1. Out of (1) modelled with pLDDT of 95 or more; (2) touching a Lys or Arg at 6+ places or on another chain (Cβ under 7 Å), what's the single condition that is false for V41?
2. Tell me, yes or no, whether region 10-19 has at least one residue that is surrounded by 14 or more Cβ atoms within 10 Å (Cβ to Cβ) and of a type in the set (S, T, Y).
3. Are there any pairs, at least 6 apart or on different chains, whose C-beta atoms fall under 7 Å, with the first in region 25-36 and over 12 Å from I14 (Cα atoms) and the second surrounded by fewer than 16 Cβ atoms within 10 Å (Cβ to Cβ) and at pLDDT below 90, and if so, which?
4. Could you check region 1-24 and list, in sequence order, the residues that are in contact with an Asp or Glu (Cβ under 7 Å, 6 or more places away or on another chain), farther than 20 Å from E106 by Cβ and touching a residue at least 24 places away in the same chain (Cβ under 8 Å)?
5. Restricting to region 49-108, and then to whatever is of a type in the set (S, T, N, Q) and in a helix (DSSP H, G or I), can you tell me which residue is nearest to I21 (Cα to Cα)?
6. Please enumerate the residues belonging to region 41-50 that are of a type in the set (A, V, I, L, M) and crowded, with 22+ Cβ neighbours inside 10 Å.
7. Which condition number does V41 fail, the rest of (1) out of contact with any His (no Cβ under 8 Å at 6 or more places or on another chain); (2) more than 15 Å from I3 (Cβ to Cβ) being met?
8. Does region 11-24 hold any residues that are modelled with pLDDT under 90 and either touching a Pro at 6+ places or on another chain (Cβ under 7 Å) or not in a strand (DSSP E or B) (or both), and which are they?
Amino acid sequence: MLIKSDTKEKFHVITLSESQISASIADDMAVQILAFLQEEVKNVVMNLDSVSAIELPAAEKLVQIQQQFYENGSSFVICNLQPQVEQFLDENELLELMNVTPTESEAWDIVQMEEMEREMFGEDDLNG
């Protein structure tokens with residue numbers, strides 16, 4: 001599985017170069033992405049621009065990854081979904097569980113806004 005990572009000041013941009021995300025790829029991906037929770041910069045923006053298909057277990061894994069980030073006081077935002085992937089997630093009632101933006105720039109804005117909220121209100125207030 002090919003993942004490209006680009007680290008910014010407050011987040012990492014992860015770009016998947018796979019056109020399909022299978023369940024086995026999702027398991028490998030989860031290990032690599034969850035490792036960012038151990039770093040100083042913990043927030044992740046995941047760019048799925050090149051992904052044209054995703055299996056249901058893989059989509060469910062993305063929801064679990066996102067939940068783990070928020071449980072650890074970090075952000076996980078998915079951007080640049082292809083229309084057919086977005087439709088698949090919506091049909092399987094997963095899209096509403098995901099933090100998704102149309103563009104990478106908007107994803108950056110969400111991460112920065114969530115960072116400010118965590119700083120202003122404290123992580124305990126947001127998680128409790």
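The values are calculated or read from the model by the stated rules, or taken from the named source; none is laboratory data. Predicted model only: the values in this text are computed from it and were never measured. Neighbour counts run over all protein chains shown; Cβ positions are idealised from the backbone, glycine included.
1. With (1) modelled with pLDDT of 95 or more; (2) touching a Lys or Arg at 6+ places or on another chain (Cβ under 7 Å) applied to V41, the lone miss is (1).
2. Yes - at least one qualifying residue is present in region 10-19.
3. Short answer, once both residue conditions are applied: I25/M1; D28/M1.
4. M1, I21, S22, A23, listed by residue number.
5. Q84
6. Within region 41-50, V44, V45, M46 meet the criteria.
7. (1)
8. Filtering region 11-24 for residues modelled with pLDDT under 90 gives 16-18.
Within region 11-24, S17, E18 qualify.
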